[in-house]
1. So which pairs qualify, if the first residue must be in the range 17-40 and of a type in the set (A, V, I, L, M), the second must be not in a helix (DSSP H, G or I), the Cβ gap must be under 7 Å, and the two must be at least 6 apart or on different chains?
2. For residues in the range 1-37 being part of a loop (DSSP other than H, G, I, E, B) and within 20 Å of the chain's Cα centre (by Cα), which is modelled with the lowest pLDDT?
Amino acid sequence: MAGIFLAIILILIVGIAIDLLIFSPLERAVLRRRGLLTKA
């Protein structure tokens, strides 16, 4: 049972890392290219 929880936590961490490292910069680039990014 502990292994299952460890796997769930690991998947969560990997998912958050992929979102922060790949998809957030990609989203900002697309928004900037389309002129939808507000400078905050």
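1. Sorted first by the residue in the range 17-40, then by its partner, the pairs are 31/37.
2. By that ranking, first place goes to 37.
The values are calculated or read from the model by the stated rules, or taken from the named source; none is laboratory data. Since we're looking at a predicted model, the values are computed, not measured. All Cβ positions, glycine included, derive from the backbone under ideal geometry; neighbour counts span all protein chains shown.
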